[in-house]
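Beneath this line is the structure, given in structure tokens, with notes to follow.
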Amino acid sequence: MAPITVTIKLFAHFRNGRFKEADHQFPPGVACREVILGLGFRLGEMGIVMVNGQHAPLDHPLSERDTLALFPLVGGG
Amino acid sequence: MDKILRVNMTDLTTAIEEVPAEWAGLGGRALTSTIVAKEVPPACHALGPNNKLVFAPGLLSGTAASNSGRLSAGAKSPLTGGIKESNVGGTAAQMFARLGIKALIVEGMPKGEGWYALKVSKDGVTIEEERGLLGLGNFAVIEALQSLLGKKTGVIAIGPAGEMRLTAANISVKDPSGKIRSHGRGGLGAVMGSKRIKFIAIDDEGAPGIQLADPEAFKNASRIFTKALMDHPVSGQGLPTYGTNVLVNILHEAGGLPTRNFTHGQFDGHEQICGETMHDTIVARGGKPRHGCHAGCVIQCSQVYHDKEGQYLTSGFEYETIWGLGANCLITELDDIAQADSVMDDLGIDSIETAVAFGVAMEAGILPWGDGKEVVRILREEIGKGTALGRVIGSGAGAVGRTYGVTRVPVVKNQAIPAYDPRSVKGIGITYCTSPMGADHTAGYTIATNILNVGGQVDPLKKDGQIELSRNLQIATAAIDSTGMCIFSAFPALDIPECLPALIDMINARFGAKLTGDDVTGLGKTVLKLERAFNLAAGLTSADDRLPEFFNSDLVAPHQAVWDFTNEEIDAFWDF
């Protein structure tokens, strides 16, 4: 099966030593968890995981042209 | 012994009163709202002689408890027509508490055209005529008072906006750096201006200080509480590093960043104004990414922002201000927004109300979208000088909409809706509708649970669970606002089990009380209900607990979300 392209966006200190936004290729249906671990994060570091602007569980399978946004636990108000 | 200071501006007399028994267990918002509800006729004109302006430090203010230095100000709001409480950091709360001042109540109104200043000290409060500082901005007032009365003097002041009694005018409080924090919302600066008080100076020399009922128990509880603040990733790491402005990118990503006067949920220029960019800019220019609004703050969410030359430009540069002039007015130049922030501090005008008013003004064609330089000019030359246009914008978003025939006017109870679109973050919409304060994100900050995954997760795009979420947070917030604690202590309180019991243990050790968690929840409920009762008596109805019509009809991208709560569903908020 052809790989899928997923846009990954990183925020706050997740950007340090990595990137802001990049397209990566994965096998179809790859779970958010595998992408996160593949980037060298620990799952416990994740504050907010969004796919296409909506909160997603770690086992959410990704599709072609999805956007995965990863935030540490941060907040304001 | 704690006392109440009462100032009558009609006959220019002052009094020191004993604290009535029923007020002894109250502080902060619980006390200001109780006093306003008891002493202010709800139907009175907010800028007339029958309104009262009340200041009260929180229950724990003046103690060594971390983040306990918040001062509440209350009155009938000239902006909303309902009750108002707005709280602030700075040095005044701790000075009042150490002086044993439970509350300062300012009532009446002078008959003539004269202006006055109040001087608070261990001996009480005096009224003096004031001439020299009239018309000056807040920074000049603070500077003059520091050179006249000493560096340590506390200052509560109004700028030109308050002198003009504009309904977006705020009350400024000196912070530990000699800069400004604001009782921002609801036009309380206009109420102070109507009493013709330019400033209140505070001298805490010889203050008796706080007597703890159980110092050992207090110390233990305080240690646990501070540890919870430091351990939680939001209050311990996220807020200190990026400030509240880290929210720009989060709300953009979630489609809840109101853009172009609430027509879109995402802003193309988000990276130029976001917290990450701001952090890097501050560091590169030699500013301070961390800064506390009051002594004893361990979160340090504030910052000092320098200009391109490395000179001080502003501090306390918050997400809501940056959103309001940024995404909402399409301004992408962070330096322009910082300049505007500084001018708004100096004029003494609410940076949320004013930013949203500019969005409506841009929609009306008064100035071009995205023109930050023109915003700064209008602030200085129109609002600052009190021209007709300046007074319209300085009276808030609702006033601009009514004057120019705009229908997309994001207000509830005539108070501007801040930084989170209620169509795509539905819990906060319930808070906007139902808070007795008018549209106020801090009254029940559902963003924590809708977006930030703090205190669980409630899907922001669905209606399920939003009423309960907003109700529980509004009850908890009314209680926290009474303790003098920074609202950001709610982040650890929602997630770390030891945090809230430690807060209650500190109150008990301070007063020798035996409060339980249920008592604190009960206090929050009582405060909300008495505020609601004041509003109903003032003539507000459930029809005021509604979002503007356009939220029901205009879909907001990217989720094509719409506000779809029925009136009955909203009104069920009050079933408790």
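Data for the structure
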quantity	calculated
Interface size A-B, as summed buried accessible area [1.4 Å probe, Å², nearest 100]	2000 Å²
Whole-number percent relative contact order across chain A, with pairs defined as alpha carbons under 8 Å at least 6 apart	41 percent
Å² of accessible area per residue within the stretch B:3-202, as computed with a 1.4 Å probe and no ligands counted	29 Å²
Under-5 Å amide H pairs with B:Ile83, H placed in peptide plane, nonlocal only	B:Ser77, B:Asn535
Ranking by accessible area, most exposed first, for B:Glu549, B:Glu531 with a 1.4 Å probe	B:Glu549, B:Glu531
Accessible area of chain B belonging to carbon and sulfur atoms, whole % at 1.4 Å probe	52 percent
Qualifying trypsin sites (Lys or Arg not before Pro) for the stretch B:27-111 [loop in DSSP, other Cβ within 10 Å: at most 13]	B:Lys111
Cα-projected label distance for B:Arg285 with A:Asp23, points at 7 Å along beta-carbon direction, nm	3.5 nm
Tensor-based shape of chain B (alpha-carbon gyration tensor, a/c under 1.5 rounded, otherwise prolate or oblate)	rounded
Separation of alpha-carbon centers, the stretch A:1-75 and the stretch B:47-62, rounded to whole Å	48 Å
Exposure ranking of B:Glu498, B:Glu568, B:Glu17 by accessible area [1.4 Å probe, largest first]	B:Glu568, B:Glu498, B:Glu17
Extent along principal axes [Cα atoms of the protein assembly as shown; Å; largest to smallest]	85, 59, 55
Test item: Cα-centred dipole of the stretch B:244-421, Lys/Arg +1 and Asp/Glu -1 on Cβ, debye	460 debye
Simple label model, 7 Å out from Cα along Cβ direction - B:Arg377 to B:Met109, nm	3.6 nm
Cα-Cα separations in the stretch B:454-576 greater than 19 Å, expressed as whole percent	60 percent
12 Å cut-off, amide nitrogen to a point 7 angstrom out along A:Ala2 Cα→Cβ, residues in the stretch A:50-75	A:64-65
With all protein chains modelled, accessible area of B:Phe534 [1.4 Å, Å²]	10 Å²
Bridge type composition, the stretch B:3-202 - antiparallel percent by DSSP, nearest 5	75 percent
Listed residues A:Phe11, A:Ile36, A:Pro57: farthest to the positive end of the dipole of the stretch A:4-72 (Cβ charges)	A:Phe11
As computed over the stretch B:3-202, the Cα convex hull volume per residue (Å³)	102 Å³
For chain A, average projected area of the Cα convex hull in nm²	5.0 nm²
Backbone HN-Hα couplings from phi across the stretch A:64-77 [Karplus 6.51/-1.76/1.60, Hz, Gly and Pro as x]	3, 6, 5, 10, 10, 10, 10, 10, x, 6, 9, x, x, x
Among the listed pairs B:Lys84/B:Lys111; B:Lys463/B:Lys525; B:Lys3/B:Lys52; B:Lys84/B:Lys288; B:Lys308/B:Lys373; B:Lys84/B:Lys462, those beyond 21 Å (Cα-Cα)	B:Lys84/B:Lys111; B:Lys463/B:Lys525; B:Lys84/B:Lys288; B:Lys84/B:Lys462
Under Karplus coefficients 6.51, -1.76 and 1.60, residue-wise ³J(HN,Hα) of the stretch B:17-26 in Hz, glycine/proline x	10, 5, 7, x, 3, 6, 9, 4, x, 10
Label-reachable residues, the stretch B:439-466, where backbone N falls under 17 Å from a point 7 Å from B:Trp574's Cα toward its Cβ	B:439
Backbone HN-Hα couplings from phi across the stretch B:252-257 [Karplus 6.51/-1.76/1.60, Hz, Gly and Pro as x]	4, 4, 7, x, x, 8
Dipole of the stretch B:99-239, positive direction: furthest Cα of B:Ala117, B:Ala207, B:Asn138, with charges on the beta-carbon	B:Asn138
Chain B, relative contact order [Cα under 8 Å, separation at least 6], %	16 percent
Part-to-part distance (alpha-carbon centres) for the stretch B:531-576 and the stretch B:321-376, which is given in Å	27 Å
Charge dipole (debye, nearest 20) of the stretch B:207-266; +1 at Cβ of Lys and Arg, -1 at Cβ of Asp and Glu	100 debye
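The values are calculated or read from the model by the stated rules, or taken from the named source; none is laboratory data. Computed from a predicted model, the values in this text were never measured in an experiment. For neighbour counting, all protein chains shown are included, and Cβ atoms are generated from backbone atoms with ideal geometry for every residue, glycine included. When the accessible area is computed, the model is the full protein with side chains, heavy atoms only, and any ligands, DNA or RNA have been set aside. Shrake-Rupley method; radii C 1.70, N 1.55, O 1.52, S 1.80 Å.
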